[in-house]
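Before any comments, here is the structure.
No value in this document is a laboratory result; all are computed from the given coordinates. This structure is a prediction, so every number in the text was calculated from the model and none was measured. Cβ: placed from backbone, ideal geometry, glycine included. Neighbour counts: every protein chain shown.
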Amino acid sequence: MEKSRRILIISNLYPPQVLGGYERSIADFARLLHHLGHQVLVLTTDNPAFATSHVSQSYPDPTVERCLTLAGEWRRGSGTDWFTPAEVERISQLNLNALADWISRFQPDVALAGNIDFLGVHLLEFLLSREIPVAHYVMNMAPSYLPERTPNSLLHRYITCSNWLTDVLREGNYPTETTKTIYPGAIVEEFYQDALPTRDRLRIAYASIVMLYKGADVLVEALSLLNAMGVDFSATFAGDTLEPQFVEELKRFIESEGFLDRVTFAGPLSRQELKELYKTHNVLVFPSRFQEPFGISQIEAMAAGLALITSGTGGAAEIVEHGVNGLKFESENPFALAEALSYLVSNPEEWEAIAQQGQQKAMTQFTQRKAVEELIELLEELIAYKHSEAYKIAVSKKHQVGTFALMLPSDHNLDAYQATWKRYDKALGYISQITFKKYPNSTAIDIGANVGDTAALIRTYNKNVPLLCVEGNPEFLFYLETNAQQIGNVKIAKCFIGNDNKEVDAEKISSHGGTTSVLEAVKSGAKHSIPMQSLATLFQSYSQFRTSKLLKIDTDGYDFQIIQSSLEILKTHQPILFFEYDIFVTPNGERESLLTLQALTEIGYEKFIIYDNFGNYLLSLTAMDGDRFYDLNAYLRSNHKKSGRAVVYYLDICAFSQQDIDLFEQIRSQELSH
């Protein structure tokens, strides 16, 4: 990855609070991505009951916010339980609110989801609705929701921890066409030992949650058989449990068989404690009867030089080749497991070779670094696809503006607004028609051209008027360029209008629902910047438009600054000026609005037609009606802050100089007749 990315990670648990390998893997990915220079934010829950001391000595944690809440719980001794539907709904809304807040603050480029049990797929759906690509790393038998709830987005991809799991998802009717298998690997460097453990006798390790489905009882029965055969051994069971009674039953059986002094139940271990465990053991038994998606503890033990004996269920079978770098035995068969263990004792050379080959495979094929490189490649593919023409075409929609069927981004609100409010963004059509009847050889400038909807409206009423569309937001440029081809006679300036020698940080542009704000993005020296220039500088490249008679400005908060910085040009050419009048975008918006109108009257603008934000004609004012703008501001302020639910957020103003009073009268008369 050539550039630093903002990567959001969602996981139901995160170390030191863990249940098993899933959350440990996600944490290792988070740490290594952070170590490689990416900005990583982890959103997770706070469940101290599952606290261990799982920390990484190699890489520090990124920022971790425990702001989410589980909508169910793992009950020790009774499995899993969701809360009541009402409580689940309440928690889900809290989680969505927290996610929305962090999206706004962090502005992620891409998201990586881990285990979302008790969190819900709606979190992923919310990310995708904001066009944030999501890679969901599945390490369980299913992604915690039914196939029909799979997010319907081209920006969603599954990652699985084994080819076997990909097949399982496919057979379960989950869409897997774009699924990629990435073996999660392990930070094998932390477990690696130069010298293989001594093989004086069997010193057996079990490292997993101690549950029936993990086959702990199968190992205990195999140990009983070894004991009866007179094979010397010791065994340590490392791992927590959700069923304490199951562990007690194992202990009672071991005691009844007479080898309790050779078995230790160590409970949950930290990473460091697990490494120390492997230093004193020489075999890892992985006896799971459950169809394992993968089995990271196998990799860690192999890296430490332990010989691996595994039931090889599910994806775990992809880790070892029997007799080469590990041994496989029939799942749930303690006799086969006891035979495999005794085989090592009887064949010390093969034991050593298996341990060596297993260590070599772990250190070359299952490293965390290799897994993260593959993960980064996939995340980059998702980010690139989001910005590709193929994606934009695939998710675009058509909307009729005048005589043109325009292509819009999927989240653009223009079509919905115009379906609801019939005059929304329509006034410039007949304003331009009347303007260019008087000035048939003139031109028009559209600052904040968006996807070209204003250009399409003007062209519908004026077949030959040259148009200059100014747009700096790369999210809209593709649509603008595509639409401009059918509109015709359109030039596009890829910049923002403002002060010369300023830049807009492309990563801080706020775009949502078809609008753009750059107020928080204007800065110098941005790493990924888009130029900002004054109108005067723009005209050096587009001199044809210097004397344009129609100038439209719609920049969601920057209109007043643009007008103030362009007063000399406006005074000289006095175009019909159509701009957005929004007093709430900047902290000093009310003062800026009044100063801007005063400046316009001082350079010769005398008449003003006011529209509400639905495109409806409101009233007309003259340069002598300055106090009425105070009244309008008071109305906007009251509506915005006191009405309970704001309706009119802003106004649009069309300004006319003394030389175009006749146009003002024609347009006003037309509005009154409507």
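Angle, helix 21-35 long axis vs. longest principal axis of the chain, Cα atoms, 0 to 90°, nearest 10?
50
I want to check the label-to-label distance for residue 586 and residue 67. Put each point 7 Å from Cα in the C-beta direction and report it in nm to one decimal.
My value for the distance between the label points is 2.9 nm.
Is it possible to state the helix-based mean residue ellipticity at 222 nm for the chain, with each DSSP H run of 4+ residues giving -39500 (n - 2.57), the sum divided by total residues, to the nearest 500 deg cm²/dmol? What is it?
Computed mean residue ellipticity for the chain: -12000 deg cm²/dmol.
How much net charge surrounds residue 330 when only other residues with a Cβ under 11 Å from its Cβ are counted (Lys, Arg +1; Asp, Glu -1)?
0
At 7 Å along Cα-to-Cβ for each site, give me the label-to-label distance between residue 639 and residue 369 in nm.
For residue 639 paired with residue 369, the spin-label model returns 6.2 nm.
If one takes the longest principal axis of the Cα atoms in the chain, at what angle in degrees, from 0 to 90 and to the nearest 10, does the Cα axis of helix 626-641 lie?
20
Using the beta-carbon distance between residue 573 and residue 107 and R0 = 51 Å, what value does 1/(1 + (r/R0)^6) give for FRET efficiency, to the nearest 0.05?
0.85
How big is the dipole moment of segment 188-366 about its Cα centre under a simple scheme where the beta carbon of each Lys and Arg is +1, that of each Asp and Glu is -1, and everything else is neutral? Debye, nearest 20, please.
In debye, rounded to 20, segment 188-366 gives about 140.
To the nearest 20 debye, what is the magnitude of the charge dipole of the chain about its Cα centre, counting +1 on the Cβ of each Lys and Arg and -1 on the Cβ of each Asp and Glu?
Charge dipole of the chain: 2000 debye, to the nearest 20.
Which of rounded, prolate or oblate describes segment 389-673 when judged by the alpha-carbon gyration tensor and an a/c cut-off of 1.5?
Rounded.
Which shape class, rounded, prolate or oblate, goes with segment 1-157 when its Cα gyration tensor gives a ≥ b ≥ c as root eigenvalues, a/c under 1.5 marks rounded, and past that a/b bigger than b/c marks prolate?
Because a/c hits 1.5 or more and a/b fails to exceed b/c, segment 1-157 counts as oblate.
In percent, what relative contact order does segment 75-155 have, based on Cα pairs under 8 Å that are 6 or more apart in sequence?
Relative contact order, segment 75-155: 28 percent.
Subtract the Cα-Cα distance of residue 270 and residue 486 from 0.36 nm times their separation in residues, and report this length gain in nm to one decimal.
Stretched fully, the residue 270-residue 486 segment lengthens by 71.4 nm.
What relative contact order, as a whole-number percentage, does the chain give when Cα pairs under 8 Å and 6 or more residues apart are counted?
Taking the mean separation of contacting Cα pairs over the length of the chain, I get 8 percent.
For all pairs of alpha-carbon atoms in the chain, what percent lies in each bin of width 20 Å, listed from the first bin to the last filled one?
16, 38, 24, 16, 6, 0
In degrees from 0 to 90, rounded to the nearest 10, what is the angle of the helix 334-346 Cα long axis to the longest principal axis of the chain?
Approximately 70 degrees, to the nearest 10.
Quote the relative contact order of segment 389-673 in percent (integer), defining contacts as alpha-carbon pairs under 8 Å separated by 6+ residues.
16
With charges only on Cβ, +1 for K and R and -1 for D and E, what is the dipole size of segment 372-414 about its Cα centre, in debye, rounded to 20?
560
So, counting K/R as plus one and D/E as minus one, what does the shell of residues with Cβ under 15 Å around residue 228 add up to?
-3
What's the longest uninterrupted piece of the chain once you rule out the GluC sites (Glu not before Pro) that are loop residues per DSSP with at most 10 other Cβ within 10 Å?
178-674
Most exposed first by the Cβ proxy, i.e. fewest other Cβ within 10 Å, how do 495, 469 rank?
495, 469
Which is farthest toward the positive dipole end of the chain among 121, 164, 480, measuring Cα position about the Cα centre, with Cβ charges +1 (Lys, Arg) and -1 (Asp, Glu)?
It is 480, whose Cα lies furthest towards the positive end.
Once a ≥ b ≥ c are taken as the square roots of the eigenvalues of the Cα gyration tensor of segment 554-674, is the result rounded (a/c under 1.5), prolate (a/b larger than b/c) or oblate (a/b not larger than b/c)?
oblate
Going by how many other Cβ atoms sit within 10 Å of their own, how do 112, 19 line up, fewest first?
Ranking 112, 19 by Cβ neighbours within 10 Å, fewest first, gives 19, 112.
For 4, 208, 331, 92, what ranking results if the residue with the fewest other Cβ atoms within 10 Å of its Cβ goes first?
4, 92, 331, 208
Applying 1/(1 + (r/R0)^6) with R0 = 35 Å to the Cβ-Cβ distance of residue 393 and residue 648, what FRET efficiency is obtained, to the nearest 0.05?
Efficiency, from the Cβ-Cβ distance: 0.45.
Output the pairs from 180/386; 386/426; 3/370; 552/641 with a Cα-Cα distance over 25 Å in this structure; if there are none, say none.
386/426; 552/641
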